[in-house]
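What follows is a single structure, written as structure tokens, with notes after it.
No lab work stands behind these numbers, since they all come straight from the coordinates. Quick caveat: nothing in here was measured; it's all calculated off a predicted structure. Here the Cβ is made from the backbone with ideal geometry for all residues, glycine too, and neighbour counts use every protein chain on show.
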Amino acid sequence: MGARIRSLAARVRDLPPGRQDALLALAFFVEGNVEFSLVDAPARDVLLARLVLCMTCAGVALRRRMPILGATLMIGTFLVFDIPGLAEIEQATGGPFLTLFLAVYSVSANLDGRRLALASIWVVVLIVAAIVVSPTYEGVTDLIWGSLIGFGAPWGLGRLIHQRTRLARAMREQARDSQEERAAQAARAVDEERARIAAELHDIVAAALATMVDRADAAQRLVDEDPDGAARSFAEVENAGRDALAEIRGVLGVLRRDDEELALSPQPTLAHLPSLLRRMQAAGLRADLHIEGSERPLPAGTDLTAYRVVQEALTAALEEGSAGAAEVVVRYGSGALEVKVVDDAGGRRGLAGVRERVALYGGELQAGPLRSGGHAVRARLPAGDGA
């Protein structure tokens, strides 16, 4: 039963404001008719009260779409209930008092600036009139207390809800803008990394093709004089071609810079890690390198990707995590290369670009804070048995 009630309440909260107010007006209508049925009054007065209740419910339904008109209808019915015959019904029921508070609250919670000031003055005038014409009015004291209770309390509550709603809306918009900015930054990082991958693979493939041309030329000269040597040269051409083809397949679909923007300098490999760690130490990050397993030649793209993983992880640790120390582990396994970078600063880092690079080569990358403190980046790349 409780779950059904909560589900119903959630469905009501998800309705548009106009429908919510219509349901509230219906609730007031039902509640008022039930109260009028229990009042000991002439049938004519009860019928008139039911008609006035319809005007009240109309004001409730309009309280957010047209706050001033809605408040006028709700407080106006409070005035109508002060006429002889209906006053007794008003005093025996609680609905009219609730609509008075709701009218003031709706004006305060839904208006701002000049409209709020004018509407507040109009509401005060209506409340003062309702108090003065009431059969129970006994003087200025009733006017003061009635104004404070009937206007001050619901008006203050309405302003509080209005400010909190506006603050919550601003925070949601700020969070949405921040999320969009982070998504845009991640997309830019991916695009930049893809462009850099294309530039680097351009050099790798160009070097492989140059090797193929040289070996093919040598094999052509040895065909007649040294057939065995020519066969070995052709085998080297085949291996170089297979490596180049694998790199070309990997880069399909990667966004590229124009040809004149491609970097032409030699690309770094794991052999350049000591130099990278020295630069990091000069920048304030002490990093130690550990090599596990038997070092062996790697495919050029894999070698470069592993270097980039270490480079990006250390750079992020220094710039985003403010780390002071880090440990780099390179493990040569059977058919795979594993790279791990652990630093002493927590938090999450933006590694969208290097994640794209690792995925391009069929690898996996994991990054995140450690329970024991610090942050870890782990990458596993297919490496075959050598290259």
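Reported value for the range 2-137: 108 Å³ per residue, from the convex hull of its C-alpha atoms. Enumerate the residues in the range 47-88 having an amide nitrogen under 11 Å from the point lying 7 Å beyond the Cα of residue 133 toward its Cβ. Answer for the range 47-88: 76-84. Close amide H contacts of residue 289 (hydrogens built in the peptide plane, cut-off under 5 Å, sequence separation of 5 or more or a different chain): 328.
Segment residue 181..residue 294, full-extension length gain: 36.3 nm, with 0.36 nm per residue of separation and the alpha-carbon distance subtracted. Each residue of the range 17-25 was assigned a 3J(HN,Hα) from its phi angle through the Karplus expression (A = 6.51, B = -1.76, C = 1.60, θ = phi - 60°), giving x, x, 6, 4, 5, 5, 5, 5, 4 Hz with x at Gly and Pro. Taking the Cβ of residue 65 as the center, what net charge do the other residues with Cβ under 12 Å away carry, scoring Lys and Arg +1 and Asp and Glu -1? So the surrounding residues net to +2. The phi-based Karplus calculation (6.51 cos²θ - 1.76 cosθ + 1.60; θ = phi - 60°) puts the 3J(HN,Hα) values of the range 269-285 at 9, 4, 5, 8, 4, x, 5, 4, 5, 5, 5, 5, 5, 5, 7, x, 10 Hz, whole numbers, x for Gly and Pro. Convex hull volume per residue, computed on the Cα atoms of the range 270-384, equals 90 Å³.
What percent do you get for the relative contact order of the range 270-384 when only Cα pairs under 8 Å and 6+ apart count?
On the way: 216 pairs, mean separation 29.7, N = 115.
Relative CO of the range 270-384 lands at 26 percent.
Estimated at 0.36 nm per residue, the fully extended path between residue 221 and residue 55 surpasses their Cα-Cα distance by 49.2 nm. For trypsin sites (Lys or Arg not before Pro), the sites in the range 287-387 that DSSP calls loop and that have at most 12 other Cβ atoms within 10 Å are 348, 371.
At full extension, residue 66 and residue 41 could sit 5.6 nm farther apart than now, given 0.36 nm per residue minus the alpha carbon distance.
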